[in-house]
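The values are calculated or read from the model by the stated rules, or taken from the named source; none is laboratory data. Only a predicted model underlies this, so the values are computations on that prediction, with no experimental measurement involved. When we count neighbours, we look across all protein chains shown, and the Cβ atoms used for this are built from the backbone with ideal geometry, even at glycine. Just the protein is used for accessible areas: all its heavy atoms, side chains included, with ligands, DNA and RNA removed. Shrake-Rupley method; radii C 1.70, N 1.55, O 1.52, S 1.80 Å.
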Amino acid sequence: AEADPSNAGWQRDLSVSCNKVGDVLLDQGDLAGALAAYRESLQVSRRLAEADPSNADRQRDLSVSQDRVGDVLLDQGDLAGALAPYRESLQVRRRLADSDPSNAGWQRDLSVSQIKVGDVLLDQGDLAGALASYLESLQVSRRLAEADPSNAGWQRDLSVSYNKVGDVLRDQGDLAGALAAHRESEQ
């Protein structure tokens with residue numbers, strides 16, 4: 001990658017390798033090392049995505065790197081720091097999902113990003129923001145689950161979304177709404 005910075009394939013390989021190093025460091029409990037590796041991957045992914053904005057795979061790689069950075073910052077207790085890359089990832093994933101509504105993988109990525117943002121907002125005490133994010137995730141999860149009722153993963157995602165909504169409604173004092181959401185989760 002250093003020998004030929006213009007070779008996008010080699011640059012992507014470098015980004016993937018940085019993520020794998022980060023994964024191992026994370027498994028070893030080295031959050032600072034993992035964060036450094038993920039940030040290096042993010043830097044490469046961002047460069048590739050900016051060089052070819054129409055390349056959906058490069059855009060998705062960027063969102064994955066943003067999520068990994070956010071995950072470590074969240075593990076370190078840096079809620080505000082985690083929220084920024086999660087929101088950046090959400091923007092990328094929203095563009096991808098909007099560009100191809102039939103791509104179930106991109107739709108699921110969008111739902112996952114909405115959950116991540118909602119979780120941080122909830123931890124920050126922003127119940128209204130968390131609920132809005134969870135409701136967006138619920139809409140996506142519902143569409144996926146209805147499109148493929150035999151897909152256990154989509155059904156689980158739908159259940160998780162209902163539970164997230166129910167938890168916030170309970171925290172807001174809407175016990176009837178919370179009960180209804182949790183009952184939907186059982187379905």
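Here are the numbers for the structure shown:
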| read-out | value |
| --- | --- |
| Listed residues GLN11, ASN151, SER99: farthest to the positive end of the dipole of the chain (Cβ charges) | SER99 |
| Cα long-axis angle, helix 127-147 against the chain (0 to 90 degrees, to the nearest 10) | 90 degrees |
| Long-range Cα-Cα pairs in the range 1-66 (distance over 20 Å), rounded percent | 26 percent |
| For the chain, calculated [θ]222 nm from helices alone, where every DSSP H run of n ≥ 4 adds -39500 (n - 2.57) | -28500 deg cm²/dmol |
| Degrees between helix 56-75 axis and first principal axis of the chain (Cα, 0 to 90, nearest 10) | 70 degrees |
| Where N is the number of residues in the chain, Cα Rg divided by 2.2 N^0.38 Å | 1.11 |
| Mean projection area, nm², convex hull over Cα of the range 78-179 | 6.3 nm² |
| Electrostatic dipole magnitude of the range 75-125 [Cβ: Lys, Arg +1; Asp, Glu -1; Cα centre; debye, to 20] | 200 debye |
| Contact order normalised by residue count of the range 1-121, Cα under 8 Å, 6+ apart, percent | 17 percent |
| Difference of contour (0.36 nm per residue) and Cα-Cα distance, ARG143 to GLN76 | 20.7 nm |
| Sorted peptide list for 32-40, 92-100, 4-12, criterion being average Cβ within 10 angstrom, highest first | 32-40, 92-100, 4-12 |
| Solvent-accessible heavy-atom area per residue, rounded to whole Å², over the chain at 1.4 Å | 52 Å² |
| Relative packing of peptides 17-25, 65-73 - highest average C-beta neighbours within 10 Å first | 65-73, 17-25 |
| Unit charges at the beta carbon, dipole of the chain: most positive-side option, ALA1, LEU62, SER161 | SER161 |
